Structure formats: C-alpha cells, structure tokens
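This report concerns only the one structure given below.
Please treat every number below as a calculation from the coordinates, not as lab data. Predicted model only: the values in this text are computed from it and were never measured. Glycine gets a Cβ as well: all are built from the backbone with ideal geometry, and neighbour counts include every protein chain shown.
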Amino acid sequence: MLGYDWPRLHAALNDLPVALLIAAVLFDLIAAATRRTAFRQASLYTLVLGAAGGAAAVLSGLQAEETIDHGDAVHQVMETHELLAFVTLGIFGVLAAWRLFRENRMGAVERSLTLAFALGGAGVLIATAVYGGRLMFDHAAGIPTGVLRTEAAQRTGGHEHAPGEEHGQEQAAPIDSDTNSAAGPGDPPGGHTHAPGTPEHGH
Ligand SMILES: [Zn+2]
C-alpha cells in the first residue's frame, strides 16, 4: 500500500491506537475525579476508536511477523510482543463492548471496575510498546538485511560536519559485534530454526 511493506504499515498504524487508548484512560481518570460527564463521554469515544485501531495494529503486526528477516533474538522478543499485544487488545476490546452496552446503566461499583480494567489495560499496552521498541531499536526488526548492512557500513565510515553543522556526535561509533545485539554470536547468518512445538510463522 503506497509502497509500504507490512513492517512499515505496522509502525504507522501503531501510533493512533496507543495515543487514543492512553487518552481514553486519562479521560476516565479525570471523569472519576471531577464527576463531569463530558470527560466520561470523551473516554468512551476514544476507547472505541482506540480498540478498533488496536485491531488494525495487531492484524498488520501479524502480517509483518510473516515477512521480516530475523534471527533467534528477534523471534523471542517478537513472541513476547505479540502475546502482550493480544492481551492488550483483549482487555480494551472487552472494555469497549462493556461500556457500549452498559454506559448509561452502570452504578458506582461497576464504574470503578471498568476504571481498574482500563488501568490494567494501560499497563499491558505500555509493556507491548516497550517490547515493540526493543524489536525496532535493539534488533532492527523490519529493516531488511541488505539495508542493515549498507547502513552499518555507512556508519562505520562516519562523516564530517561542515563548521557550525555539528550536532553533538563527533564521529559515529564503530559497530562492535560483541555489544551489537542485532546478531548474537550464536545466531546463524541465515536466520534461525524453530524448536519443535514452536508455532511456525511462515519463514
Ligand atoms: Zn522466527
């Protein structure tokens, strides 16, 4: 789509639901503190949109998983990220349905339960994002191997800044294979194999 492969589309689709769901929980907290119905309505709308966006993020992530170049380290982080994402979508999906059906009928106890559920969902959402960030920034997940090699070679060469153009980095640090976690010493160059019983994901 528009030249986007699945990993890029996944990265693009992730921003909106995270922002909406965090906003929904914040509106919910403000509503609990102020008893203003406007905040409660805002939290319901952002929750429903965020849950729908979350479904799109999960679906694109499942597609990205099938296509990215990866080794063992990425595989393990990816499985954790995926599990957390399913739990997040489950919590906010149930919460959205719960509130759509019960919004105008629930009492104080049920309202408090929905808020506790929302706060738990926010915690799992942030954990999902942390693991997604590790995939990207610790393991270059979604970056094709050829692009990674070219970029690593570019960085090793460093570059010169014209006077006044410096931005706090004298020279790019050389890539150190001992500390670069993108490929552990045990990773075969061609990726990895799956242990028996591990779900395959099409690579
Ligand atoms: Zn794998």
field: Reciprocal of mean inverse Cα separation for the stretch 6-139 (Kirkwood radius, Å)
entry: 15.3 Å
query: Along the stretch 43-53, what does the Karplus equation 6.51 cos²θ - 1.76 cosθ + 1.60 (θ = phi - 60°) give for ³J(HN,Hα), rounded to whole Hz, x for Gly and Pro?
result: 5, 5, 5, 5, 5, 5, 5, x, 5, 5, x
query: Once amide H atoms are placed 1.01 Å from N in the peptide plane, what residues at a sequence separation of 5 or more from residue 106, or on another chain, have their amide H within under 5 Å of its amide H?
result: none
- request: Determine, for 166, 79, the number of other Cβ atoms within 10 Å of each Cβ, and report the residues in order from fewest to most.
  value: 166, 79
query: Zone of residue 110 (label point 7 Å along Cα→Cβ, backbone N under 20 Å): which residues in the stretch 33-50?
result: 33, 35-48
- prompt: Semi-axes of the stretch 41-83's equivalent ellipsoid from the Cα gyration tensor, sqrt of 5 times each eigenvalue, largest first, rounded to whole Å?
  reply: 29, 11, 5
field: Per-residue ³J(HN,Hα) for the stretch 110-124, Karplus 6.51 cos²θ - 1.76 cosθ + 1.60, θ = phi - 60°, Hz, x for Gly and Pro
entry: 5, 4, 5, 5, 5, 5, 4, 4, 5, 5, x, x, 4, x, 5
message: Just to confirm a number: summing +1 for Lys and Arg and -1 for Asp and Glu over residues other than residue 125 whose beta-carbon lies under 15 angstrom from that of residue 125, what do you get?
response: -3
query: What list do you get for 150, 46 if you sort them by fewest beta carbons within 10 Å?
result: 150, 46
message: Can you work out the Karplus-derived ³J(HN,Hα) for every residue in the stretch 66-80? Use 6.51 cos²θ - 1.76 cosθ + 1.60 with θ = phi - 60°, whole Hz, and x for glycine or proline.
response: 6, 10, 7, 5, 7, x, 4, 4, 4, 4, 5, 5, 4, 5, 5
- prompt: Going by how many other beta carbons lie within 10 Å of each one, how would you line up 92, 101, 86, 117, fewest first?
  reply: 101, 86, 117, 92
